[in-house]
Amino acid sequence: MILAIETSCDDTCAAVVTRTGEIRSNVVSSQGVHSRFGGVVPEWASRHHLELVNPVVDQAMEGVDWEEIELVAVTQGPGLVGALLVGVATAKGLAAARRLPLAAVNHLQGHVAANFLGGFEPPFVCLVASGGHTFLARVEDHVGYETLGQTLDDAAGEAFDKGARLLGLGYPGGPALSKLAASGDSTAFKFPIAAKVAGLDFSFAGLKTALLYKVRDLGEAETERLKADLAASYEHAIVEALMLRVERALEAEHEPRLAIGGGVAANRLLRERAQSLGVPVHVPPHALCTDNAAMIASAARHVEPTPYPHYLALDAYATKRAA
Amino acid sequence: MTKTELTAGPEATERAGAELARTLAPGDVVLVSGDLGAGKTTFVRGALRSLGVEGPITSPTFVVGHMHEGASGPLSHLDLYRLAGMSGEDPGLLDPFFADDAIVFVEWPEQATDAFPAERVKHRVRLSHTGGDGRRIEVDP
C-alpha cells in the first residue's frame, strides 16, 4: 500500500491507496475556510500545514498497519515551496524511519492520475481546470502527458472566483456563482469566450473584464436585479470557452476520449456539457477532483521510487515543470 | 514625483510595463496596485516579457506566486490578495520569491504590507479605470 501526502496549496491531505488503485483513506483538512475578505485563505501558510500534517496522516492511517505501507509518496511541486516543504519533510521522515522508498510526484500529474483510480485508462485527452491551473493534456501512458494548451492569463477557477467577487457573492466563488446561475438565463448576456485565441490555449482575462464593464454599465440596482442572469451568462461563457478547446483537441483524435480533473470539474454545467459530447467521458468524484492525496498515490504507482536513503536531499520545486 | 500615463488598451498597458522594466536592477521590488480588472497582471506581463520571460505569464492569484528565469536573473511575480490577515504568519514563507538578486513584482501589496521587504521597493504603480478599455497608470517615484 502507498501512503501519500499533498501540501502544495491550501489543504493538508493524506491518503492510503493500494497498488491496484483501491482507496483505503483520503483525508483533506479544511479547518473552515476563512471568508474574511472575499476568498482569503490565511491558513494556507506552512505553519498551518505543519500543525495539521501529523493529525491528517494519523487519520489516513487509521485501520492501516504501518507494516502494510510499502511506499511513501509526496507532492514535490509545483506550488508554494514553504507549503510543499512541510509535506516533503514529513514524507521523508516517515519513509526514512521505516527505510521505505519514496516517490516524488508532480501535482499536475496527480490531477491526471485521479482518472486512473476510476479505471479510466490512457490514451485520453485530459482537461485540468482549477483555481491555479487550466490546461489540456494528451495522456498516452501512466507516467506523463503532453501539454496541448494552457491558459495564457487566468485559470478557469480563478475566473469563477473573480466573477463571483464582481457580483458580490460569497466565497468560495465558484459554487456560489453556479448556484445563482441555476436560476438565471444564460442567454441574457453575451460574454466573450476568447474564440480568437487560436489553437488549444485558454484566456479568461477578457471575460472577467467584460463582466466588470457590464456591471459598471448596468449600475448597482440593475446589476442586483439581473444578478442571476449575469451569473448564468458568465458561467456559460467559462464552460463554452473550456469546451471549445476540448472539442478542438478531440477532433484531432482517432478515438476521442475525455477525462476531466481539477476543482472546476465539480461544475454541473461543465459535466453536462462534457457528457453530451458523444465520446467516452470520465469525471472523477468531487473528492478526487479538488486537491487530494489519493491522486498523488495514484500517480506514485507509476513513478520510479527512490530507495532509502537517496531521497534525503530531495527538495520541493515551485514552478511548473513537465511531468 | 508621480509619473502619470493614460493607456487605451491592454497592449499599451503591457508597453508601459515594459518601459518601467528597463529602469530595474536585480533586487528591485515593484508594487502594483489597482482594483480587480484594472490591468495589474497585464502590466506585469509587459514588464516580465521585456526582461526575457518566454511562454505564458499567468495570474498568480491562487498560487500566490510564480518564479521565472529572466535574461539577467530570477524574476518573481506575486499576488498577495489571498494573504490578507497574514500578519503573524510564518514570515519566511515568501522568502524563495525574494532572493537577493530577484526582481519582484507584487500585486495587491496593501493586503499584506509586512510580506515584502520595504527597503527594496523601487516603484509603486497604481492602475485605475478611466472608462472603456482606458487605464490610468501612475508610477511613484
So A:Pro284 passes all but one of these: (1) buried (at least 18 other Cβ atoms within 10 Å of the Cβ); (2) out of contact with any strand residue (DSSP E or B) (no Cβ under 6 Å at 6 or more places or on another chain); (3) outside any loop (DSSP other than H, G, I, E, B); (4) not assigned by TED's automatic domain parsing to the domain that holds A:Thr7. Which condition number does it fail?
(3)
The residue from A:Tyr213, A:Tyr234 that alone is within 14 Å of chain B (Cβ to nearest Cβ), of a type in the set (Ser, Thr, Tyr) and free of Cβ contacts under 8 Å to residues at least 24 places away in the same chain is A:Tyr213
Cβ contacts < 8 Å: first residue without any contact (Cβ under 8 Å) to a residue 40 or more places away in the chain, restricted to the stretch A:49-73; second residue of a type in the set (A, V, I, L, M), any location; separation 6+ or different chain. Result?
A:Leu50/A:Val86
Among (1) more than 20 Å from A:Val125 (Cβ to Cβ); (2) in the same structural domain as A:Gly173 (by TED's automatic domain parsing), the one test that A:Tyr308 misses
(2)
So which strands (runs of 3 or more DSSP E) stay within the stretch B:1-84 end to end and still have 3 or more residues that are of a type in the set (A, V, I, L, M) and touching a residue at least 60 places away in the same chain (Cβ under 8 Å)?
B:29-34
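Looking at B:Asp79, is it at pLDDT 90 or above and surrounded by fewer than 20 Cβ atoms within 10 Å (Cβ to Cβ)?
no
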Please verify whether the stretch B:12-19 includes one or more residues that are in contact with a Ser or Thr (Cβ under 7 Å, 6 or more places away or on another chain), more than 10 Å from chain A (Cβ to nearest Cβ) and of a type in the set (Val, Ile, Thr).
yes
Check whether at least one residue in the stretch A:127-147 is assigned to a helix (DSSP H, G or I), touching a residue at least 60 places away in the same chain (Cβ under 8 Å) and of a type outside the set (A, V, I, L, M, F, W, C), and report yes or no.
no
Quick check on my filter: what residues within the stretch B:44-65 are in contact with a strand residue (DSSP E or B) (Cβ under 8 Å, 6 or more places away or on another chain) and either within 12 Å of chain A (Cβ to nearest Cβ) or open to solvent by 10 Å² or more (accessible area, probe 1.4 Å) (or both)?
B:Val44, B:Leu51, B:Gly52, B:Val53, B:Pro56, B:Ile57, B:Thr58, B:Ser59, B:Pro60, B:Thr61, B:Val64, B:Gly65
Note on the stretch B:99-141: residues in contact with a Pro (Cβ under 6 Å, 6 or more places away or on another chain) and either within 14 Å of chain A (Cβ to nearest Cβ) or more than 18 Å from B:Leu75 (Cβ to Cβ) (or both) are B:Ala99, B:Ala102
Which numbered condition A:Phe135 fails, given (1) more than 30 Å from A:Val279 (Cβ to Cβ); (2) in contact with a strand residue (DSSP E or B) (Cβ under 8 Å, 6 or more places away or on another chain); (3) surrounded by 24 or more Cβ atoms within 10 Å (Cβ to Cβ):
(1)
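The values are calculated or read from the model by the stated rules, or taken from the named source; none is laboratory data. Everything numeric here is computed off the predicted structure, so don't read it as measured data. Don't worry about glycine lacking a Cβ; one is built from the backbone with ideal geometry, like all the others, and counts go over all protein chains shown. Note: areas computed on protein heavy atoms with side chains; ligands, DNA, RNA excluded. Shrake-Rupley method; radii C 1.70, N 1.55, O 1.52, S 1.80 Å.
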